[in-house]
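Single-structure report; data block below.
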Amino acid sequence: MTFKITVLPGDGVGPEVCREAVRILRALGHFDKREFHFDEHPVGGAAIRSHGTPLPESTLQACLASDAVFLGAVGTPEFDHLPPDRRPEAGLLRLRTALGGFANLRPAISFPAIADCSPLRSSRVAGADVLIVRELLGGLYFAEPRGFGDTKDFAYNTMRYSTREIERVARIAFEQARHRRKKVTSVDKANVLETSQLWRSTVTELAKAYPDVTLDHMYVDACAMHLITNPTRFDVILTENLFGDILSDEAAAITGSLGMLASATIGGEVDLYEPVHGSAPDIAGKGIANPLGAIASVAMLLRLSAKMPHEAADLEAAIRQVLEAGHRTRDLAQPHQDRSHPIGAHEMGGLVEQAFVGMLDRRFSYHAV
Ligand code: IPM
Ligand code: MN
């Protein structure tokens with residue numbers, strides 16, 4: 001049985017963190033009867049350089065023919081001068097549309113071992129475990145009309161949602177909540193926006209089908225505040241595309257580093273996994289990026305696409321174990337407290353692999369007895 005993963009390293013630190021993600025899957029391949037098969041293709045700035053377009057047809061076809069897509073990051077200052085539809089980011093947005101995943105899951109967890117990396121007081125973030133479910137294919141990012149006025153002295157975008165678009169992503173949020181603490185906070189701006197009023201009434205109606213899940217509603221400005229002053233009050237946050245983009249970066253403050261955050265985009269033809277941190281051009285090529293966001297995205301892939309929940313949990317435990325042993329990449333290191341030098345992406349990947357293999361050894365030998 002083969003499981004085909006299309007790997008899109010992309011730009012900046014993307015290739016460095018993808019390498020570590022792939023090594024974890026290869027290590028798992030030695031234990032499981034499933035054979036992971038990897039196929040690498042260019043996207044974003046890398047694809048503009050090699051193919052003149054941020055999403056070459058060959059990349060797209062490979063993605064559509066795979067069981068899951070794993071993406072590093074897109075975006076490079078080199079192409080900042082290009083119009084929006086030819087920039088590296090346009091490749092990612094086109095890919096998201098083509099794959100069809102409309103629900104972007106972004107967990108933000110406070111790990112005790114690195115709670116002091118958070119700019120927030122440890123007593124506030126301790127125990128926080130939030131899952132942001134961001135609508136990914138609608139709203140201001142995609143709706144028409146959009147553009148610059150003829151006279152170029154004005155520009156416009158459209159916020160537009162249908163009940164169908166709201167319902168399908170809300171359903172995912174409720175289902176995720178069922179496996180967690182059974183609470184959904186739907187975030188909108190219903191005091192101002194019609195799209196938000198439709199969002200709120202649609203989610204309220206759908207909630208009747210999930211009587212075991214508690215639903216509350218919050219305005220996005222208030223949510224931005226509560227997320228960092230009282231993050232433990234949240235379980236699942238359900239919100240539209242742009243609000244979710246902003247809140248998920250803010251949620252990084254809970255974990256302590258953007259480099260820790262993972263994501264999964266589900267609901268379409270092929271699911272897409274990517275760390276949230278982006279291309280980080282300032283540290284690209286130095287080998288110092290934090291690969292844990294990418295590795296945690298592998299755990300999401302194992303759980304959601306490969307249907308290997310035990311191995312996913314093992315990998316998450318391996319990440320925790322390595323952090324508890326005191327290993328830190330530069331973004332997590334605190335020069336005044338840590339005696340050891342921060343480690344690089346490859347070293348961190350190796351430590352997680354080792355911890356993961358230890359757990360798999362136990363799991364598979366136990367099953368063999
Ligand atoms: C993200 C990124 C993307 C987005 C960009 C690169 C288009 O910020 O995944 O959060 O806005 O969705
Ligand atoms: Mn973003």
When the accessible area of the chain is split by element with a 1.4 Å probe, what percent falls to carbon and sulfur? 53 percent
Just give me a number: lysine pairs in the chain, eight or more positions apart or cross-chain, with C-alpha atoms less than 23 Å apart. 7
Relative contact order (percent) for region 46-103, with alpha-carbon contacts under 8 angstrom and 6 or more residues of separation? 39 percent
Based on the mean of other Cβ atoms within 10 Å per residue, sort peptides 155-168, 195-208 so the most packed one is first. 195-208, 155-168
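I'm a student and want to see the number: the projected area of the Cα convex hull of region 265-335, averaged over all directions, in nm². Don't skip to the end; give the middle numbers.
Working: hull surface 23.8 nm².
With the hull built on Cα positions only, its mean projection is 6.0 nm².
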What number comes out for accessible area per residue over region 190-229 if the probe is 1.4 Å? Units Å², please. 52 Å²
Have a look at the DSSP beta bridges in the chain and tell me what percent are antiparallel, nearest 5. 35 percent
For region 16-67, the charge dipole (Cβ of Lys, Arg +1; Cβ of Asp, Glu -1; about the Cα centre) points to a positive end, and the Cα of Cys63, His37, Ala27 closest to that extreme belongs to Ala27
With a 1.4 Å probe and every protein chain left in place, work out the accessible area per residue of region 253-369 in Å², rounded to a whole number. 44 Å²
Summarise the long-distance tail of P(r) for region 64-179 by giving the % of C-alpha pairs beyond 19 Å. 66 percent
What percent do you get for the relative contact order of the chain when only Cα pairs under 8 Å and 6+ apart count? 21 percent
Give the accessible surface of region 1-92 per residue, rounded to a whole number of Å², with probe radius 1.4 Å and ligands, DNA and RNA excluded. 43 Å²
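Using only Cα atoms, what Kirkwood radius does the chain have, in angstroms?
By the Kirkwood definition, the hydrodynamic radius is 21.2 Å.
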Suppose every Lys and Arg Cβ carries +1 and every Asp and Glu Cβ carries -1, with no other charges. What dipole size does the chain come out with about its Cα centre, to the nearest 20 debye? 760 debye
Amide H contacts under 5 Å for Val270, restricted to residues at least 5 apart in sequence or on another chain and with H modeled in the peptide plane, are Gly101
Sorted by chain and then number, the residues having a modelled amide H within less than 5 Å of the amide H of Phe70, at least 5 places away or on another chain, are Thr6, Val7, Leu8, Tyr273
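The values are calculated or read from the model by the stated rules, or taken from the named source; none is laboratory data. Just so we're clear, the structure is a prediction, and the values are computed from it rather than from any experiment. Every residue, glycine as well, gets a Cβ built from its backbone with ideal geometry; the counts of neighbours run over all protein chains shown. All accessible areas refer to the heavy atoms of the entire protein, side chains included, with ligands and DNA or RNA removed. Shrake-Rupley method; radii C 1.70, N 1.55, O 1.52, S 1.80 Å.
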